[in-house]
Amino acid sequence: MYEQKTKDVVVRVEPDYLHEQSSPDDSRFIWAYTVEIENQTETDLQVVERFWKIADSRGQVQEVRGDGVVGEQPVLKPGEVFRYTSGAPLSAPSGMMLGNYYVQTPEGDRFEVEIPPFLLDSPHEPRALN
């Protein structure tokens, strides 16, 4: 599991390669990733926007921006954790993801929360020791 703390907001990510949905012969490699956003502040926070950068091992980069997460803009009370699972397809056997969320207080103050960079390593990528 990958973890990053920004201004008392903790983001944890656990990627999982989906063998049954992937097709290496067709250059289709599918991952699920489960994210937990934990509000350790003393105020409510709403996740209003997300930004992802997805890079594969062949150098292709995708950027994804959008409102909230998985169709929601959840409000986390102090001490609450919001958990969701989403997916990422790649045309290469491995890659990485990173990004950030934008959260907002009830007073309208917005700040950026980092998502830890995490690896998407499939069993179809050859490994070499240097």
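Overview of values
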read-out: Entirely in region 21-130, the strands (runs of 3 or more DSSP E) that have 1 or more residues that are in contact with a helix residue (DSSP H, G or I) (Cβ under 7 Å, 6 or more places away or on another chain), touching a residue at least 40 places away in the same chain (Cβ under 8 Å) and among the β-branched types (Val, Ile, Thr); value: 29-39
read-out: Where Arg28 falls short, out of the listed (1) among the basic types (Lys, Arg); (2) more than 14 Å from the chain's Cα centre (by Cα); (3) closer than 15 Å to Phe111 by Cα; value: (3)
read-out: Within region 1-20, tally of residues that are charged (D, E, K, R) and assigned to a helix (DSSP H, G or I); value: 1
read-out: So Gly71, is it within 23 Å of Gln21 (Cβ to Cβ) and surrounded by 12 or more Cβ atoms within 10 Å (Cβ to Cβ); value: no
read-out: Residues that are within 14 Å of Val48 (Cα to Cα) and either modelled with pLDDT under 95 or buried (at least 19 other Cβ atoms within 10 Å of the Cβ) (or both), drawn from region 74-98; value: Leu76
read-out: Some residue of region 34-56 being among the basic types (Lys, Arg) and either exposed (fewer than 15 other Cβ atoms within 10 Å of the Cβ) or within 15 Å of Asp8 (Cβ to Cβ) (or both); value: no
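The values are calculated or read from the model by the stated rules, or taken from the named source; none is laboratory data. This is a predicted model, so every value here is computed, not measured. Methodologically, a virtual Cβ is constructed for each residue, glycine included, from the backbone with ideal geometry; neighbour enumeration extends over all protein chains shown.
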